[in-house]
Structure formats: structure tokens, C-alpha cells
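Undergrad: Have a look at this one.
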Amino acid sequence: MASASTFLSHPNPQANDVVSSAICQFKSCSFASQSTLFGSKFASKSLSLHTATTRPEPACASDSEPISASHSHQTFDVLIIGAGIIGLTIARQFLIGSDLSVAVIDKSVPCSGATGAGQGYIWMAHKTPGSDLWDFGLRSQRLWEDLTESLSEQGLDPLQLLGWKKTGSLLVGRTLEESDMLKGRVRLLCEAGLRAEYLSAIDLLVKEPELMVDKDTGAAFLPDDCQLDARRAVEFLEKGNRHYSSKGRYAEFYNDPVKSLLRSGGSGEVEAIKTSRNILYTKKAIVVAAGCWSGSLMCDLLRESEVVLDVPVKPRKGHLLVLENFNSFQLNHGLMEVGYVDHQTAIPLPNISTSGLLDHDGQTLSVSMTATMDMAGNIVLGSSRQFAGFCSELEESIISRIWDRAGEFFPKLREKSLSDFSKSREVRVGLRPYMPDGKPVIGPVPGLANVFLATGHEGGGLSMALGTAEMLADMVIGNPEKVNSAPFAVHGRC
């Protein structure tokens, strides 16, 4: 997601043959392409793409300052605002699934926001059969699996390219009430067609010897749940997208904030966006996938427009603690406590033992145990949730709470002090794009037929990215939808 973060620098975004605004001044080109880099056997049709060098000046929807002659004028079929996992996968979908040209625009660079701060869950364990997110989550997980299978068939290693591991997931309960709830969840998951089983304390200890269990401890085990490395996934997506740059179908405009939408003086349709350095025209669609910034961005872009839109997405800050070189501590699966499910909505259910909702300087804060081991053998512990505006500063008091909470589940952690890891730790801080109803917003903006939103995934951006990309691209192109998009529509929710 294109939001704020505090931990990661990014390589030169114009490296690796990326088409930058300075060199993407092509006049006209014709081409045909076929790529297997993304695990796709799709062969695109030939496309003639023309960049207009002179165009009538459009009306400015939200910015009254004149258009400078120094701005570069370029044309693409699809403009995507936001270079997080959602924006990049949407770009990928258009590139492999159509002959459309795509530009990705971001005020910063990939992995500078919520995407780079993610834990990498591709899970169904914490989703509920029959819910609005169920079919969508299943579809997206299937698309990730199809991608990794295709890479393997090409002799490529999904672990190296994506950090992909089929670790299985454990949703852990520690009370009799939680265990009974998990037994019911396992039954529902099995009825929905997933492989799932309930593990008693004894069986759970065999799976995860580091975990503290007692007679009431139990877990829902889903052996097919997976995880990936967000940074490797973004690197893979960028490399694949850039394959199309030499064919004139793809460009990136990083560190180039969007300033305004430009509308046709006749039809009133949005025909371009103005950034700090460029005027980018669209033939087909503009997609706003700017994570937690999407709401404020749309408000700014439509300020002087007759279109009224209030996108209620807001930042929900999260911390993750990464412990390096902790070789004496091993995890075999991804783990999550039952309370994590409830903390997603910030509404704790009765009789569910979690760290609770804490008051932190007047902010709503929740901390629940999540634990994974990444491909480098680092232990990744989480997770916090709080509403703190757009502040992305690291808070040591929250890291301490994450450490203490993890110690309640893993006794070996109590043998060490958090200060022991002062030189061998990383803290990830990101701003999740939170929607009050817990569902992402995917679809056209009422009154602006060629402007689309794709935001509000909160902590599920990585897991739902490919499903979102497919759904959004199908809307723009006019393909039949694979999953009902009505629950995610903009209309009635914004």
C-alpha cells in the first residue's frame, strides 16, 4: 500500500531498465508480446500506442493553477495511482491480460508503506465461510497458488522469487471457550471444502514444541495456508512489469505526487492527471490504489468538483518486530492467536482472551500474538493495531507490549530481554488502510465512470492483491466477474 513507513530504503527506481518520465517520450510504437515471467501464457494482441504531443488543454477538476509548458505530456490506457502491492498487481493484470498500456504513479517508491511492513500471510484460517470476504479470499489465494505453480513449471523457485512457503497456519486458543469456538470453525472450514483439523494440546505441542500449552489449549490447523515475503514479491512484480517497458506498454513515475485530476471541458470525463512533473493522459481508466491515503487524496482531487465522495478509509498503524539470528528458537508454521481475528475490527468479543484493547495516550490500541519465520530464518512477531492518524513513528512501548505478549505463548522468549536484540532486530511500522466495515473498496467512482478505487484492505493487502487485480481489471475491460463484486462497491459505502 502506498502509505508511510519508517524502515526501508529502496533502490533507484529508474534502475533495471525502468522507463522513467525522462525517457518515456515515445511517439508511436507497434508491438506484440508474450511473457512467461509472471507465470502467464497469455499472448497479447498487437497494439498501436500513440503519445500525444499537442492536446487541447482540459479543465482542471481540483487545481486552478495553470498547466506549465515544462510538464511532460504522455498518454497511457490505464493510470494507476499507488505503487504498493495492490497497484503493482493491478498493473500486472492489465499487462498480462490485455493489450493495454499502463503507468504507475506514486509520491514515493514501492515498499515504503504498508506493503513493506507486512507479515506476508496468505491465509484462510481467520476468514469465515459465507462472509463477503470468503469467496474473494479463496479466489485470491488460488491465484497466488496458480502463480507459484506456474513458476515451478518454468523451473523457477517461488521461495527465492516470492519468499513463498506453504507453512500451514495455526489459529491458537488458550481457553475452553476459545477451543470450543475453534472446533466450530474447523467444522465450517471443512464443510466449505478446505483442509482443516482441530489440534488438541498434545497434538499442537508436536507441531510447535516452542509453544506453551495446557489442557485447554487447542488450535485450528490449515496445512495449505502460505506466506510470502512482501519485498521479494514487489521486486518480482516490478521486474515483470518492466519487461513491458521496452515494448512501450509500461512506465513508472515514482517520487512524483499527484496534484489534480484534469477533466474534459466537453464531456466532463476525467482525461488526465497532473503530477508534480507530468501531465499523464488516460484512454481507458484511472485507478486510485493509494492505501490509507486514498481517502484524503480523493478529497483533495475532487475538492472543486461537483462529485461528492467521502472514502472512509483511514490509517491504522501497526508494528512488527523482526528478530535476526535467533537460531535457538524455531517455528514450523505461521501462528496467530484467536484474538487477532477480533482485533481486525477493534471490537473484542466476550470470553476471548487477548491482550485486550488498551488505552495508549488516548488512542485505541490492540496487541495480539502473531509469529512467523521468514525465508532467512528471522522470527517475525506482531502485531499491534492503533488509530494514530498518519503518524508512522516507531514506538518502543508498543514493541515492548508485542514482546511481552509473545512471551505469554513462547516461554523461551522470556529467557531473554528485548534489549538483548538491540543490534539484531528490525522494527517494521506501516499504516494499514482501514475500512469501518472490514471490506476493501473496489469499483468505479459514482459520477466519474473512468475513475476506480482499490483500497481499504487493511492487513489483507498481500493476501487479496491478485484477487483485487483480477476484479478491477475485469471491471475496466468488461470481462465477466469471477467473484461477486457487489460487497466491495464504492456506491453506498463512500
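Only the coordinates and a few stated rules stand behind these numbers; no lab work does. Computed from a predicted structure; not experimentally measured. Cβ coordinates were reconstructed from backbone atoms using ideal geometry, including for glycine residues, and neighbour counts include every protein chain displayed.
Undergrad: Per Stokes-Einstein, at 37 °C and 0.692 mPa s, what whole-number D in µm² s⁻¹ belongs to the range 167-298, with the Kirkwood radius over Cα pairs as the hydrodynamic radius?
TA: Values: Rh = 19.8 Å.
So the translational diffusion coefficient is about 166 µm²/s.
Undergrad: Over the range 87-147, calculate the relative contact order: mean separation of alpha carbon pairs under 8 Å at least 6 apart, over the residue count, as a percent.
TA: Working: 20 pairs, mean separation 10.4, N = 61.
Computed over the range 87-147, the figure is 17 percent.
Undergrad: Something else about it: Which far-off residues, 5 or more places away or on another chain, put their amide H under 5 Å from the one on Leu365, with H placed in the peptide plane?
TA: Under 5 Å from the amide H of Leu365: Leu358, His360.
Undergrad: I've got another one for you. Among 249-257, 481-489, what's the highest-first ranking by average C-beta atoms within 10 angstrom per residue?
TA: 249-257, 481-489
Undergrad: Label the range 369-445 by shape, choosing from rounded, prolate and oblate, from the square roots a ≥ b ≥ c of the eigenvalues of the Cα gyration tensor; if a/c is under 1.5 it is rounded, and otherwise prolate applies when a/b is larger than b/c, oblate when it is not. Before the final figure, lay out the partial values.
TA: Working: a/c = 2.28, a/b = 1.99, b/c = 1.14.
Prolate shape, in that a/c is at least 1.5 and a/b is the bigger ratio.
Undergrad: For the range 400-494, what is the Kirkwood estimate of the hydrodynamic radius, computed as the reciprocal of the mean inverse distance between distinct Cα atoms, to one decimal in Å? Don't jump to the answer; show the numbers that get you there.
TA: On the way: mean 1/r = 0.0607 Å⁻¹.
One decimal place: 16.5 Å for the Kirkwood radius.
Undergrad: Classify the range 81-156: rounded, prolate or oblate, from the alpha-carbon gyration tensor (a ≥ b ≥ c, eigenvalue square roots; a/c under 1.5 rounded; otherwise prolate if a/b is larger than b/c)?
TA: Values: a/c = 1.64, a/b = 1.24, b/c = 1.32.
Taking the square roots of the gyration eigenvalues as a ≥ b ≥ c, the range 81-156 is oblate.
Undergrad: Using modelled backbone amide H atoms (1.01 Å from N, in-plane), which distant-in-sequence or interchain residues come within less than 5 Å of Val287's amide H?
TA: Distant-sequence amide H within range of Val287: Leu79, Ile80, Ile81, Phe452.
Undergrad: Taking the Cα-to-Cβ direction at Asp203 and at Phe387 and moving 7 Å from each Cα, how far apart do the two end points lie in nm?
TA: Label at Asp203, label at Phe387, 4.0 nm between them.
Undergrad: Okay, next question. Pull up all non-local amide H partners of Ser260: gap of 5 or more, or a different chain, and H-to-H distance under 5 Å with H placed in the peptide plane.
TA: Amide H neighbours of Ser260: Lys274.
Undergrad: Out of the trypsin sites (Lys or Arg not before Pro) in the range 401-455, which ones are loop residues according to DSSP with at most 10 other C-beta atoms within 10 Å? Write out the running numbers ahead of the final one.
TA: Working: sites: Arg401, Arg405, Lys412, Arg414, Lys416, Lys423, Arg425, Arg428; in loops: Lys416, Lys423.
Qualifying residues, ordered by number: Lys423.
Undergrad: Next question. Among the listed pairs Lys259/Lys314; Lys247/Lys284; Lys165/Lys482, which are separated by more than 24 Å between their Cα atoms?
TA: Numbers: Lys259/Lys314 20 Å; Lys247/Lys284 19 Å; Lys165/Lys482 26 Å.
In this structure, Lys165/Lys482 lie more than 24 Å apart at Cα.
Undergrad: Something else about it: Mind listing which trypsin sites (Lys or Arg not before Pro) in the range 172-246 are in a DSSP loop and have 13 or fewer other Cβ atoms within 10 Å? All intermediate terms of the calculation are to be shown ahead of the outcome.
TA: Working: sites: Arg174, Lys183, Arg185, Arg187, Arg195, Lys207, Lys215, Arg231, Arg232, Lys239, Arg242; in loops: Arg174, Arg195, Lys215.
Loop-located and lightly packed - Arg195, Lys215.
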